[in-house]
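What follows is one structure encoded as structure tokens, with my remarks underneath.
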Amino acid sequence: MEAQAYIEQGWATDLHAPRETMRAAVARVQVPGTPELEAEGPSGAARIPSLAHRALREALQHGPALVQVPRGGYAPLVACARCRAVARCPVCSGPLALGRDGAVTCRWCGRNTANWSCPECGHTRLRMVQVGTTRTAEELGRAFPGVPVVASGAREDHGVIAGVDARPRLVIATPGAEPVADGGYWAVLLLDGAALSSRPDLGAASEAMRQWTNAAVLAHPDAPIVLLGRPHPVAAQALVRWDHAGFARRELAERAQLHLPPAWRAARLDGPRLRLEDLFEQARAAGFEVLGPVATPQHGGSAVPGAAVPGAQPPSMRGLIRAPLTRGRELAAFLQLQVREASVHREEPVRVELDPTVLW
Ligand SMILES: [Zn+2]
Ligand SMILES: [Zn+2]
């Protein structure tokens, strides 16, 4: 999207490869829909339906196959097996993860929770909500006995693996940790599509598109690429058509309508209420758009990014100041002046981030 914004401002030009070149180089992406999955019978509802197993089996006749799994670990999120409430750490309320050895640990504080019981209903059994690379590798290892299975990712035993040779093997990797295969992969499965592309965060779909594409380009041109797990439909269709520019144009137009980056420039401010209110009044007077301030959202109880101001109290309020791209420099100059004035007058610091990746 950022690149598309440069194109639309005339700073860059789109370069297209001829259609035949693209067709020869790019693997075929399939997104099985409801009819295809229903035709598979009960396995169609599985995380890895039988059509995906068939694609892997066929690929392993020729060489390595890649399986992209959005999350590392065994079962990175678990819930009460009876009432389905997400299981949380009794000490810090962090999400609990299940390890291969059956140990239940907190993802925030690392404590082991030996005897978990559900605060909602008292039940003591857990079910897996998310399945990570380790568990996926274990399942596929059982489904393909005798085929070597390697897992690549920051949290795996061997860490991120850079490359694999052309011999048949199953490679399970988190996004960004996919090894390059000698001669390319003979099939690529992209699992849990919704986990990557349908998060409510701004830009989740384009980030998913990027991560799927980075895995897809590692495939041999004759290999099938199968995207599973209810992916965001617009992103999935753009991947099928290999139309990244069209997808970026559409996303960018949406951002322009919503006055969001990269179509607009936005600054996120964190600080004490009175300082922000004063600043926002001046921003409004200068003709900028202002949103907030409101109480800083606590993302699931995690640390507030603004709390990193040295020596300051954790900021309690947050807001946005926005400007169209044509006034972007003016907005930056305005903020710089405000920050300088505040430090001259020894006022409580406000944390300013221009074009933050996470807006709220
Ligand atoms: Zn429960
Ligand atoms: Zn904890």
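The values are calculated or read from the model by the stated rules, or taken from the named source; none is laboratory data. Computed from a predicted structure; not experimentally measured. Don't worry about glycine lacking a Cβ; one is built from the backbone with ideal geometry, like all the others, and counts go over all protein chains shown. For accessibility, only protein heavy atoms count, side chains too; no ligands or nucleic acids. Shrake-Rupley method; radii C 1.70, N 1.55, O 1.52, S 1.80 Å.
Points worth noting:
- Cα-based shape type of the chain, given that a ≥ b ≥ c are square roots of the gyration tensor eigenvalues and the cut on a/c is 1.5: oblate
- Mean Cβ count within 10 Å, highest first, over the residues of peptides 30-38, 147-155: 147-155, 30-38
- Mean residue ellipticity at 222 nm, helices only, the chain: -9000 deg cm²/dmol; runs of at least 4 DSSP H residues each add -39,500 (n - 2.57), and the sum is divided by the number of residues.
- Unit charges at the beta carbon, dipole of the chain: most positive-side option, G141, L354, P324: G141
- Averaged per residue, the chain has 53 square angstrom of accessible surface, using a 1.4 angstrom probe with ligands and nucleic acids left out.
- Listed peptides 209-216, 125-132, 163-170 by packing density, highest first (mean Cβ within 10 Å): 209-216, 125-132, 163-170
- Folded to 0 to 90 degrees: helix 133-143 orientation relative to the chain principal axis, Cα: 10 degrees
- Ligands, DNA and RNA aside, D201 has an accessible area near 80 Å² when probed at 1.4 Å.
- Net charge contributed by nearby residues that have their C-beta within less than 15 Å of C121 (K/R +1, D/E -1): +4
- Per-residue packing, averaged as other Cβ atoms within 10 Å, sorts the ranges 279-292, 53-66, 184-197 into the order 184-197, 53-66, 279-292, beginning with the highest.
- Dipole magnitude of the chain, debye to nearest 20 (Cβ charges: Lys/Arg +1, Asp/Glu -1, about Cα centre): 720 debye
- Rounded to the nearest 5, the antiparallel percentage of DSSP beta bridges internal to the chain is 60%.
- Whole-percent carbon and sulfur share, accessible surface of the chain, 1.4 Å: 52 percent
- Taking the alpha carbon gyration tensor of segment 1-146, multiplying each eigenvalue by 5 and rooting it gives semi-axes of 39, 25, 16 Å, largest first.
- Charged-residue dipole, Cβ positions (Lys, Arg, Asp, Glu), segment 210-251 about Cα centre, Debye nearest 20: 180 debye
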